[in-house]
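The values are calculated or read from the model by the stated rules, or taken from the named source; none is laboratory data. Bear in mind the structure is a predicted one, so any value in this text is a computation, not a measurement. Neighbour counts run over all protein chains shown; Cβ positions are idealised from the backbone, glycine included. Note: areas computed on protein heavy atoms with side chains; ligands, DNA, RNA excluded. Shrake-Rupley method; radii C 1.70, N 1.55, O 1.52, S 1.80 Å.
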Amino acid sequence: MKLVAYLLMALATMAGSIAAATTYLVPLGDGSDDSALIDRGIELAAPAGAYDPNTPEGKALAEEIEAARALAEAAKDDEPEPLIVVEDVEVDLPPLPAVETAPTGTATVAERTAVSPIAVKGDTLNAEMIALLRAHDVRFIKSASFDPAVWFRTWPSWVFLLSVATLFVSAMMVRAASKGAGQTSPRAAGQDVADAPETPVAIADAIRETVGATVRDVRTKGSERERLDLIIDNLGEVQRTLVPAFASARPQIIQSMGMGGYAQVMDAFADCERQINRAWSAAADGVEFEAVESLERADAMLPALIERLRTV
């Protein structure tokens, strides 16, 4: 289930990012909602449309564009005046002499191949401008400000909302899967720990009981060989069963203590496991004093580990 959830998260993130990129795009539509666009006084943030001003049709269109722009400016003049008006200060400067230059070849070519926008940055949409843009197959314009009422009438907004909902559902799926994994016992996880307890505290208690019993029994054995064999047998069982069981209880510890608590517990457990392995290796090599010393150090470390687990 986690894999499906992560795949849904990736798809939702990509779709939501694409939809969010259309935040400032305003569709011109088919003319049924022009009044809503006009009433909102949408100002363009980028040029829209294109025409050739050097053709007879382009010159006629330029006049229509200027007329539409003049109407938009007149509508702005009808708006309430600000309370504080800053007037421009005019400074009389001597007139500059006229300089006549012949057009260069580059300028002539540029003029003959020029393409001008129908609407420029800063223009305000009105009925005339919308009609001109739509007549030249302009479907979207870029607004200078975000208008939720306009954006939520377009399909990208619904894609964005669906992406957000999908991310939320996917997060819940990951959480449910993690919770289920946290409740999985070592036995259910398929580990070869059939004889081990199922909770981290119970496993640590079993390790402590085995190590403590070994420390006590070593002191009662008469011969060195018996003491070494006892350490090898008892700690070998801990290594085969209880240590893997504790490692497989990782999801339970993370669920209960978080990653920070898990790191602290595993640091303490690693120290204990290191001493247990050292005691077994020394006993297998016949070095009794080192085996007993490491065994006693592990026995002294385990109570602190168990106490940390029980504070959850």
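Put +1 on the Cβ of each Lys and Arg and -1 on the Cβ of each Asp and Glu in the range 1-70; which of A67, A48, A19 then has its Cα farthest toward the positive end of the dipole?
Highest projection toward the positive end goes to A19.
Once the piece of chain linking L93 and A20 is laid out straight, how much longer is it, given 0.36 nm per residue of separation minus the C-alpha distance between them?
Value of the extension gain: 21.2 nm.
I'd like the accessible area for F160, computed on protein heavy atoms only with a 1.4 Å probe and all protein chains in place. Round to 10 Å², please.
Approximately 70 Å² of F160 is accessible to the 1.4 Å probe.
Grab every C-alpha pair in the range 227-277, bin the distances at 5 angstrom width from 0 up to the longest one, and report whole percents.
5, 19, 24, 21, 14, 9, 5, 3, 0
For L28, enumerate residues with amide H under 5 Å from its amide H, sequence gap 5+ or separate chain, H modeled in the peptide plane.
So L28 has HN proximity to F140, I141.
Quick check for me: using +1 on Lys/Arg Cβ and -1 on Asp/Glu Cβ, what's the dipole size of the range 242-312 about its Cα centre, in debye to the nearest 20?
Values: 6 positive and 10 negative charges, 93 e Å.
Charge dipole of the range 242-312: 440 debye, to the nearest 20.
Can you run phi through the Karplus equation (6.51, -1.76, 1.60; θ = phi - 60°) for the range 51-60 and list ³J(HN,Hα) in whole Hz, with x for Gly and Pro?
In residue order, the calculated couplings are 7, 9, x, 8, 8, x, 5, x, 5, 5 Hz.
How much accessible area per residue does the range 1-62 have, counting only protein heavy atoms and a probe of 1.4 Å, in square angstrom? Show your work: numbers first, answer last.
Working: 3570 Å² over 62 residues.
On a per-residue basis, the range 1-62 sits at 58 Å².
Between A247 and D147, what is the label-to-label distance in nm when each label sits 7 Å out along the Cα-to-Cβ direction?
With each label placed 7 Å out from Cα toward Cβ, I get 6.4 nm.
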